[in-house]
Structure formats: C-alpha cells, structure tokens
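A.B. asks: Quick one: this structure, given as structure tokens, is what I'll be asking you about.
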Amino acid sequence: MNTAITIAEFANTEQQLISAVEQYIEAQGWRKERQDYDDGRIVFRLTFKMRNASFRTFFDLMPNQQRFAVYCYSPVDIPAEARQQVADFMARVNYRLYLGKLGLDMDEGTVRYSCTVSVEGSLLSPDMIALIENAAICGMDDHFPILMSIVHGGKTAKQAFDDMLSEDERPGDEDTGMTVH
C-alpha cells in the first residue's frame, strides 16, 4: 500500500483543515476574528462566557503541520507570589487529565488550558473540533475557581487539589452555562 501523499493532496488537506474550522465556527453562529501569520498559522479569536468567567479563546490552525489546537485563557493573570503554588496545583491536575492540559507562563503569570490534535492522514471533523473546543473551554471553566482559591483564598496547591477531588465526588450540574460573544 502506497501511503505517499502528493503535493496536490497535501494542499487539499491543508485547505480542508482551514475550511473545517471556519465552517464549524460559522455553523455555531459565533463571531470570530481571523489572523493569518507569516509562518502559515491561522488563528480565530473568540470569547466564551461560561459559569465562572469569560475566557479569551483561540482556535489555532497549523495547516502545514496538520495540527489544530484550542487555547482558552484565564481572564486573571497569576501574581508572582502565587505562581509556584499554582504550578504545583497544575502538575497535580495535569497528571490526571486525559485530554488537554493547564499551562502557566511563569514569567508573565498567564494561564491557559490547551488541547491539540494532529490530523495528519485524516480529516478534521466537526465532532473532533467540538471535542477539543469543549475540553479546553470547560477545562478552564472548571479549574478557574480553584485557581482563584489559591490566588485570592490563600490555599496551598495540595489543599486546592484535595478540595477539587472531593468536589468531583459530588453530583453536579452538567450545564456548562456557555454563551459566545
């Protein structure tokens, strides 16, 4: 079986990736801002209002690498004095995550939840986009109040993590409360 891809097929796959994301966003009726970069990346900017906050969200396409990522940013940067505890908390959380990860820029204090998928050799479907999008946005929304309990509530990473685990054992409301601006 010959799995070599021709230049024309590769170009089609790149265009399919871009089209799939554009069509998905349009089908949702969301307002977006598109930015094309010199390195070939294309980023769509959106804002999602969730239960706990509004989050700047980026649908990041790397067509030449056949990758799609969703980055969901916290509206609050972590002050320098809380970054080590937040990083400790994130390490505990990330070890348990099966899709996506929390990240912290230790210099700037920026927090994001990111999910990435490689679609090399396949097509990006609306279901895949929804899965990656929901994981990133809901992941940030779920962890945001816990992060703030460290920053503003003085909890240690371990206390916040243990509280999160006990809260996970309680039945909860499955409604995300998501709206897009």
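Laboratory data are not the source of any read-out in this text; all were calculated from the coordinates shown. Fair warning: this is a prediction, and the values are worked out from it, not measured in the lab. Note that each Cβ is placed from the backbone with ideal geometry, even for glycine, and that neighbours are counted across all protein chains shown.
A.B. asks: What ranking of 108, 22, 133 emerges when the number of other C-beta atoms within 10 Å of each C-beta is taken as an exposure proxy, fewest first?
C.D. replies: Taking fewest neighbouring Cβ atoms as first place, the list is 108, 22, 133.
A.B. asks: Also: So which helices of the chain fit the span-like rule, where a helix is a whole DSSP H run, its Cα atoms reach 30 Å or more along the axis, and its mean Kyte-Doolittle is at least 0.5? Kindly include the intermediate steps, with their values, before the conclusion.
C.D. replies: Details: long enough: 7-28 (32 Å, -0.13); 126-151 (36 Å, 0.98).
Correct list, ordered by number: 126-151.
A.B. asks: Could you name the lysines whose alpha carbon sits less than 29 Å from that of residue 158, not counting residues in the same chain fewer than 8 places away?
C.D. replies: Partners found: 49, 101.
A.B. asks: I would also like to ask the following. Taking the Cα atoms of the chain, what is the range of coordinates along each of the three principal axes, in descending order and whole Å?
C.D. replies: The principal-axis extents, from largest down, are 56, 33, 30 Å.
A.B. asks: Using 0.36 nm per residue of separation minus the Cα-Cα distance, give me the extension gain between residue 108 and residue 15 in nm, one decimal.
C.D. replies: Additional length available on full extension: 30.0 nm.
A.B. asks: Now, a different point. Can you check what the net charge comes to around residue 25, using other residues whose Cβ is under 11 Å from the Cβ of residue 25 (Lys, Arg +1; Asp, Glu -1)?
C.D. replies: 0
A.B. asks: As a footprinting exposure proxy, order 34, 83, 67, 96 by other Cβ within 10 Å, with the fewest listed first.
C.D. replies: So the ranking, lowest neighbour count to highest, is 96, 34, 67, 83.
A.B. asks: Could I ask something else about it? Between residue 99 and residue 125, what FRET efficiency follows from the Cβ-Cβ distance if R0 is 22 Å, with the result rounded to 0.05?
C.D. replies: It comes to 0.85.
A.B. asks: Can I ask one more? Quick one: 148, 106, fewest Cβ neighbours within 10 Å first, how do they rank?
C.D. replies: So the residues, fewest neighbours to most, are 106, 148.
A.B. asks: Counting only helical runs of four or more DSSP H residues, what would the 222 nm mean residue ellipticity of the chain come to if each run contributes -39,500 (n - 2.57) and the total is spread over all its residues?
C.D. replies: Numbers: 4 runs with 74 residues, N = 181.
Estimated from H runs of four or more residues: -14000 deg cm²/dmol.
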